[in-house]
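Report on the following structure.
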Amino acid sequence: MPEILVPETADLARMVTAAGAFAVPTGDVRLSPDELDPTQILAGSPRVSSIELWSSPDGTQSRGIWEITPGTVTDVERDEIFVVLSGRATVEVEGGATIELVPGSVCLLADGAKTIWIVHETLRKVYHSTA
């Protein structure tokens, strides 16, 4: 299947408003590279990429697709729910749980949680986050 290009966020919002819905095959959507702060990288050479499919007018919420290649990184989380589409990772929460993520996993992250992501296989997720 050819790679899918998604309209810019503003255009996509207008399309969803006009049509009432929008759907894409998530595995084929072209993602854009994102900057990963080098101080977050603990091991390997992970790269991240994403596409924002929607954001609230006040910028406090967003929905999209995010991907990270193998390696180990630290992060401070936002309030988020996501579903793993592909790949495999272990997420360690400072002072909390360690979870294994596989395709189909639904995960909730607490705002401010300090995490270590050990990405074993390139992980792609669809998410909704709140600032």
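Side notes on the structure shown:
- Among the residues of this structure, residue 71 counts as one that is on the phi > 0 side of the Ramachandran plot, crowded, with 17+ Cβ neighbours inside 10 Å and touching a strand residue (DSSP E or B) at 6+ places or on another chain (Cβ under 7 Å).
- Strands (runs of 3 or more DSSP E) lying entirely in segment 82-131 (those with 1 or more residues that are in contact with a helix residue (DSSP H, G or I) (Cβ under 8 Å, 6 or more places away or on another chain) and either open to solvent by 60 Å² or more (accessible area, probe 1.4 Å) or not basic (Lys, Arg) (or both)): 114-130
- In segment 32-46, the residues that are small (Gly, Ala, Ser) reach residues that are assigned to a strand (DSSP E or B) with C-beta atoms within less than 7 angstrom, at least six apart or across chains, in these pairs: 32/49; 32/50; 32/51; 43/71; 43/72; 44/71; 44/72; 45/71.
- For segment 10-49, the tally of residues that are modelled with pLDDT of 95 or more, open to solvent by 70 Å² or more (accessible area, probe 1.4 Å) and among the polar types (S, T, N, Q) stands at 2.
- One residue stands out among those in segment 50-68 that are open to solvent by 60 Å² or more (accessible area, probe 1.4 Å) and outside any strand (DSSP E or B): the one that is modelled with the lowest pLDDT, which is 57.
The values are calculated or read from the model by the stated rules, or taken from the named source; none is laboratory data. Because the structure is a prediction, the values reported are computed rather than measured. Using ideal geometry, Cβ is built from the backbone for each residue, glycine included, and neighbour counts are taken over all protein chains shown. Surface areas here come from the heavy atoms of the whole protein model, side chains and all, with no ligands, DNA or RNA. Shrake-Rupley method; radii C 1.70, N 1.55, O 1.52, S 1.80 Å.
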